[in-house]
Every structure is written in structure tokens, then in C-alpha cells.
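A.B. asks: Here it is: the structure, laid out below.
The values are calculated or read from the model by the stated rules, or taken from the named source; none is laboratory data. Just so it is clear, the structure is predicted and the values come from calculations on it, not from any experiment. Positions of Cβ are backbone-derived with ideal geometry, glycine not excepted, and every protein chain shown enters the neighbour counts. The area values use the complete protein model at the heavy-atom level, side chains included, leaving out ligands, DNA and RNA. Shrake-Rupley method; radii C 1.70, N 1.55, O 1.52, S 1.80 Å.
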Amino acid sequence: MLKNRIAYGILLCFTIGLAVCIPGKATVSFVVLLLALLLFSFLQGYFTFRRFEIQQSLSQDSLQKRQRITYQITIFCKNSFCPLLKLDFSSDTKVLGDLQESYCSAKHKQQLNYLLTGKYRGRYQVGLESITFYDFLGIFFWKKQIGELLTCKVFPKLTSLQELQIPVGTSTSHKLDLFTQVDYTSIAELKQYQPQDHMKDIHWKASAKRNELLVKHYEHFNQEKTTVLFDLTPMEYIEDTRLELEDRMVSVGLSLLHYLSKDTSVPVQLVYADDQIRSCGEERSVVDLLELAAFLPFKSQIEIVPLLKTMQQRENNGTVLIVTNALDEPLVDYIFEQQVEEKTFGVFYCSVYSDPNYESKEKWKELLVQRAIPCFEIKHGRGIRSQLEQVTEYGRESIQ
């Protein structure tokens, strides 16, 4: 734009100088033509700026991580000749779509489509911050702020946790679900198959007799509440690693909440700390609980052990599933103390090969496994075969 102004100014000065030096009808007419062209360009751009409409839409307002949606902009210009437009996107739109400033030659009606990808979980404000209009000479411009942004929610992916079972007793066919206390050798009832049911739970003989798919529902040893506890203290990694680990931790926690709430009849609650310790359970629907957990910020100043102690003081029974990055000596010592009092824990911790504390986490993990405390590794790194593995004394077993 600056180049256009300089070039036009030089041309106009040269023409005026020529008209002064060589007076005549032709040179004066050329100066008048240049000034008229400048005025026409200004008026055309100005009235286009005053007479335009814009519509924005998303193909869907919620998506799972890595999923793509279409962001559509429709621009209506009512003038017969439309200038150049520059689109300035919101910072969230640039993140989702790798978009920078975009230029387009406006038409009477124009639709622009952009693909947005949910890279990380969160709520994003998608849309245009402003549109800048340029006259056809590229000398004048008018900028209009766009105040309407669309909200887009990116949810972490859930994973099936049907394989989180451990052998109990001497019989290899006798399995006890770690979190739900389900006895897989005792069938309580048969129910009609639903899409979320696992194929291995289908009772094939009964299904053949009734000519419909039936699934087995098992006996529960108890109905004690299970607590999914999120450690939301900040993690000190580079941004991409930190965001990916936060997403994976939340994904595991959400999968636990979904599995316990949907696939079992065990009461479940979510405990976390931001500026204070919060507990959410039966008073919320499953959908509300999952949406709340999906967008928790990792900004807590309350460490995991004080959070556990406070929670245990309030409710002193049930299984506690800890999702944390801080697998360290204070946490392991506290779990061992509570294990003496026959408390049940499951630990899900982050593992990053480049983490300077990686070796110490391996040591604490081995101690937990030796004491028969279920331990699961949320992995991060290049070339990994699975994101979640159960750690046992015999090695690791992939869950997802």
C-alpha cells in the first residue's frame, strides 16, 4: 500500500510539473483525470465499506481432538465494483487453522472455506477480528472490527478401558475389575446389546436361543464411591509437550469417568483443585461431568498430597484413582501409609523420556508395583507403541 501511494504521488507530481512546464489542454486534462480517478477510487471503496454484510458459520461447534471442521465466511458486497479485502482472524482461529492474514478480491457474493483442526483440547473463539477494505488503486483503506466470534469446543478422545482388569485368586478365569469391583464369574442378568457394550460380554448361547444379541452384566462386590482425582499443578515442559501431556492426562481421566458412569453402576465423583478444592459427583449429569473435566486448566497451586489428605478427611472410603504428573516420594509415601489402612488406589502418571525426573519416576513406579498398587503409565515421545500402559511386575501391557 505504501508503494502504491509513493508511485501515485510521484506520477501526480510529475504530471503537475509537466503541466506547469508545458502548458496545454492535454497536460491539464491528464492532471484532472488523475485527480478524478483518485476521487472515484476513494468513493467506490468508501461506499463498499458502508454497504457490505458478512456471515460466519462452523460445520459443527464441538469436535474431538485431531478432528477437522469447516469454517465458512460469506461476504456480500452490494456495489457493482468491489475492492480488495484483507481478513484478520482471531488468534484462536490462527491456531486451529494455521491461518495468517488472508487477502481476497471481493465479489458481489463470495464464500470462503477454511479447514480447522482440533490440535489441543479447549474452548476456542473462532472468527474474524476485522476486515480491511482497500480501494482499487490501493491508496486508501477502511478497517471494520467484527465483534461476533463463534465458540468451538475441542474435546479429548476417550479410550476403551475394558482391559483394565487384574487376576484375582488362583483361577486364571476369575477376574476382578480393579475399579468397579465386578466379579466376572458371576452373571447378574442379561440385557439387550447396546452399541457401547463390549463384544466379549455377549452371551452367545442365550443370544442364539432368543434370536437377539444379549450381553452379560456381572455382580458387584460393593457399591463404594470411586473418586477420579486430577492433579492440576502446572507442568514444566516446552509448550507442545506440556499441552499434549495435559490432553492425555485429561483423556485418561475422562475415560475413567465415562467408563464408571456409563458402563458400570458404581457411583463416581471428580475431585480437583483450582483456587480451592472442588468435588463434583452425583449432583451433576454424566454429560456435565465430562464437559467440566474436559476443559480443566492446569493452574492449581495445591499439590497432590495435600489434596489427597483433604479429600480423605472429607470421605474416608472408596477407591481413589490418581491422575498426576508428580510421581514422587511424598505421593508414594502417602499411598503406602493409606495402604496399611486398607485404602485402595490406582495411579496414572505421565512419562516423558526427556524429563530429568524420568529415572526417579521409574524407581517410585517399581515400588508401587512391588506393593501391588495398580500403576499406569501415560506415555509421551516419538515412536511409542501406545499412550497408556499398565505396569506390572512382568512388564508393561498396552491399554491404548
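A.B. asks: Look through Q56, Q60, Q44 and report the one residue that is at pLDDT 85 or above, not in a strand (DSSP E or B) and not charged (D, E, K, R). Talk me through it step by step, then tell me what you get.
C.D. replies: Details: Q56 fails: not in a strand (DSSP E or B); Q44 fails: at pLDDT 85 or above.
Result of the check over Q56, Q60, Q44: Q60.
A.B. asks: Go through the residues of the stretch 213-223 one by one and say whether even a single one is modelled with pLDDT of 85 or more and open to solvent by 20 Å² or more (accessible area, probe 1.4 Å).
C.D. replies: yes
A.B. asks: For the stretch 372-400, name all the residues that are in a loop (DSSP other than H, G, I, E, B), at pLDDT below 75, open to solvent by 10 Å² or more (accessible area, probe 1.4 Å) and farther than 19 Å from D231 by Cα.
C.D. replies: G381, R382, G383, I384, R385, E393, Y394, I399, Q400
A.B. asks: Related question: Residues that are modelled with pLDDT of 80 or more, at least 3 per element: which strands (runs of 3 or more DSSP E) completely within the stretch 112-195 meet that?
C.D. replies: In the stretch 112-195, the matching strands (runs of 3 or more DSSP E) lie at 122-126, 128-134, 141-145, 150-155, 182-192.
A.B. asks: A follow-up question, please. Inspect all residues belonging to the stretch 298-317 and state whether any of them is under 16 Å from G122 (Cα atoms) and within 17 Å of the chain's Cα centre (by Cα). Reasoning before the result, please.
C.D. replies: Step one: list which residues in the stretch 298-317 are under 16 Å from G122 (Cα atoms), which gives 298-299.
Right, trim to within 17 Å of the chain's Cα centre (by Cα) and you get 298-299.
Scanning the stretch 298-317 turns up at least one residue that is under 16 Å from G122 (Cα atoms) and within 17 Å of the chain's Cα centre (by Cα).
A.B. asks: Answer yes or no as to whether K25 is open to solvent by less than 60 Å² (accessible area, probe 1.4 Å) and not β-branched (V, I, T).
C.D. replies: Taking the combined requirement at face value, the residue does not satisfy it.
A.B. asks: Answer yes or no: is there a residue in the stretch 321-331 that is of a type outside the set (V, I, T), at pLDDT 85 or above and farther than 20 Å from E246 by Cβ.
C.D. replies: The answer is yes; a qualifying residue exists.
A.B. asks: Looking only at residues that are within 23 Å of L128 (Cβ to Cβ) and of a type in the set (V, I, T) in the stretch 28-61, which one is surrounded by the most Cβ atoms within 10 Å (Cβ to Cβ)? Outline the logic, then answer.
C.D. replies: Taking the stretch 28-61 as the starting set, the residues that turn out to be within 23 Å of L128 (Cβ to Cβ) are 44-61.
After this cut, where a residue has to be of a type in the set (V, I, T) as well, the list is 48, 54.
Values: T48: 23, I54: 17.
Looking at the filtered set, the residue picked out is T48.
A.B. asks: Report, by residue number, each residue of the stretch 231-241 that is surrounded by fewer than 22 Cβ atoms within 10 Å (Cβ to Cβ) and touching a residue at least 40 places away in the same chain (Cβ under 8 Å).
C.D. replies: Those that are surrounded by fewer than 22 Cβ atoms within 10 Å (Cβ to Cβ) and touching a residue at least 40 places away in the same chain (Cβ under 8 Å): T233, P234, M235, Y237, T241.
A.B. asks: Do you know which of the residues in the stretch 85-114 that are within 15 Å of Q56 (Cβ to Cβ) and of a type in the set (A, V, I, L, M, F, W, C) is surrounded by the most Cβ atoms within 10 Å (Cβ to Cβ)?
C.D. replies: Result: L96.
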